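Here the structure comes first, spelled out in structure tokens, and everything after it is commentary.
The values are calculated or read from the model by the stated rules, or taken from the named source; none is laboratory data. In this text the structure is predicted, and so the values were computed from the model without any measurement. Virtual Cβ from ideal backbone geometry, glycine too; neighbours counted across all protein chains shown.
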Amino acid sequence: MSDKAAIAVVGTGWWATTAHIPALIEHPRVGKTILVDRNPDAARAAAAKYNIPTALCFTSVAEAKAAHPDLQGAIIATTHHAHSPAAKDALDAGLHVLIEKPMTIYAREAKALVDLAAARGLKILMGYTFPYLPTVAQAKRYIDDGLIGDVEYVACSMSSVTYDLLLGHPEKFEPAGGYAVTGPTPATYSEPAVAGGGQGVLQVTHLAAMMFHLASGLRAETVTAFMNNLKAKVDVIDAMAVRMTTGALATLGSSGNLRPGDPGSVEVHLHGSKGRILVDGFTGEFFMHLHDGRQEHIARHSPGYPAAIPVDQFVGILLDGAEPLFPGAVDGLYTVELLDAAARSAAQGGMPVQVRDLYV
């Protein structure tokens with residue numbers, strides 16, 4: 001394989017210019033960073049910020065691949081509604097993909113991408129970050145080793161400061177030092193046709209993906225949900241109840257209505273036949289209590305946010321043939337199935353939705 005990776009970033013907005021592009025240009029094993037955006041001005045602005053030649057800016061993946069046949073992978077960092085077509089274009093071009101969350105808005109779209117990748121022998125890595133934290137990785141090892149036994153119940157909760165984004169006021173969310181290049185538009189997270197939803201696709205997606213990562217074998221079968229938009233066009237408060245195909249039960253809840261200065265929480269609490277484990281992605285807390293009396297606790301601390309790690313993992317896939325730690329077939333598809341079913345349930349006043357019916 002090549003010693004250096006050639007990677008395209010599709011979508012040069014907020015998260016691409018904050019996390020992905022800086023990680024790529026600083027990575028010693030990345031030789032070429034190509035920018036793809038339907039808005040050429042956005043691509044050129046990102047290129048200017050990070051000293052990327054404008055000759056490496058394109059308006060489509062096909063155009064970029066034709067100009068650079070050595071292109072190996074693409075990072076999909078567009079607005080939510082564009083994830084599916086952008087990822088399909090990359091897979092059609094023969095590229096492995098790293099897809100930002102959520103994988104897609106609808107389960108059918110996610111399954112189509114998973115099937116296309118499998119047919120072409122390509123890999124999909126989801127861009128989730130919390131599972132890379134040491135305490136979450138420790139929980140994964142213990143669960144895989146069978147310490148808590150069969151997972152019977154999972155309680156997931158996330159509270160965060162997203163209400164202004166969901167209301168369409170990204171200027172109120174702007175960091176003290178400003179956005180790296182460009183921030184979200186007012187429609188990015190507030191308009192249903194663009195965002196595909198609110199707190200669910202923006203934040204509960206983290207909870208669901210972490211749950212499916214930690215508890216291998218879980219997959220949603222039946223979902224009941226209620227959502228409250230408050231004053232937004234999209235959901236701000238979510239409450240979901242899930243029956244898994246294994247018979248395990250789960251609850252996932254979230255509020256985006258915290259105020260600045262509140263660190264929030266992103267907790268996944270797994271209860272098994274032999275004990276329980278709780279991990280929190282924001283605070284790094286870890287707690288395990290087994291039925292035999294064994295306990296372990298890592299107190300709250302400041303674990304940091306591993307924004308650059310997905311790029312490093314993606315480079316390993318491209319250059320070393322590594323397998324995705326968070327593959328599209330599980331962390332992507334299963335998460336979208338749950339969220340898609342939850343949105344349908346909430347729209348029907350909390351009526352249960354069967355995941356299989358998403359494909360009818």
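The condition of being surrounded by 12 or more Cβ atoms within 10 Å (Cβ to Cβ), modelled with pLDDT of 95 or more, more than 21 Å from D238 (Cα to Cα) and touching a Pro at 6+ places or on another chain (Cβ under 9 Å) holds for only one of I298, I309, that being I298. Residue under question is A16, and the condition is that it be surrounded by 20 or more Cβ atoms within 10 Å (Cβ to Cβ) and over 30 Å from Y359 (Cα atoms); does it hold? Spelling it out, A16 is indeed surrounded by 20 or more Cβ atoms within 10 Å (Cβ to Cβ) and over 30 Å from Y359 (Cα atoms).
Going by the structure shown, is I317 β-branched (V, I, T), over 19 Å from M126 (Cα atoms) and either assigned to a helix (DSSP H, G or I) or in contact (Cβ under 8 Å) with a residue 40 or more places away in the chain (or both)? Here the answer is no, as I317 does not meet what is asked. Out of all the residues in segment 263-270, is one or more of a type outside the set (F, W, Y), farther than 30 Å from E174 by Cβ and in the same structural domain as G149 (by TED's automatic domain parsing)? Scanning segment 263-270, I find at least one residue that is of a type outside the set (F, W, Y), farther than 30 Å from E174 by Cβ and in the same structural domain as G149 (by TED's automatic domain parsing), so the answer is yes. Out of the residues in segment 111-140 that are under 14 Å from P324 (Cβ atoms) and assigned to a helix (DSSP H, G or I), state the one that is nearest to the chain's Cα centre (by Cα). Residue satisfying both the conditions and the ranking: P131. Identification of helices (runs of 4 or more DSSP H) wholly contained in segment 1-68 with 3 or more residues that are modelled with pLDDT under 95 and within 23 Å of L91 (Cβ to Cβ) yields no element.
Consider R276 carefully, then state whether it is under 30 Å from E171 (Cβ atoms), out of contact with any Pro (no Cβ under 6 Å at 6 or more places or on another chain) and basic (K, R). When the stated conditions are applied, R276 does not pass them.
Residue-by-condition table, conditions (1) in a loop (DSSP other than H, G, I, E, B); (2) touching a Ser or Thr at 6+ places or on another chain (Cβ under 7 Å); (3) surrounded by 23 or more Cβ atoms within 10 Å (Cβ to Cβ):
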{"position": "I148", "(1), (2), (3)": "yes, no, yes"}
{"position": "E171", "(1), (2), (3)": "no, no, no"}
{"position": "A180", "(1), (2), (3)": "yes, yes, no"}
{"position": "P184", "(1), (2), (3)": "yes, no, no"}
{"position": "V201", "(1), (2), (3)": "no, no, yes"}
{"position": "L218", "(1), (2), (3)": "yes, yes, yes"}
{"position": "L230", "(1), (2), (3)": "yes, no, no"}
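The single condition among (1) within 26 Å of L147 (Cα to Cα); (2) surrounded by 17 or more Cβ atoms within 10 Å (Cβ to Cβ); (3) not aromatic (F, W, Y) that A342 does not satisfy is (1).
The selection criterion, being touching a residue at least 24 places away in the same chain (Cβ under 8 Å), touching a helix residue (DSSP H, G or I) at 6+ places or on another chain (Cβ under 8 Å) and surrounded by 19 or more Cβ atoms within 10 Å (Cβ to Cβ), does not hold for A112. Could you grab me the full set of residues in segment 141-163 that are free of Cβ contacts under 8 Å to residues at least 24 places away in the same chain and under 23 Å from the mean Cα position of the chain (by Cα)? Passing the criteria: only R141.
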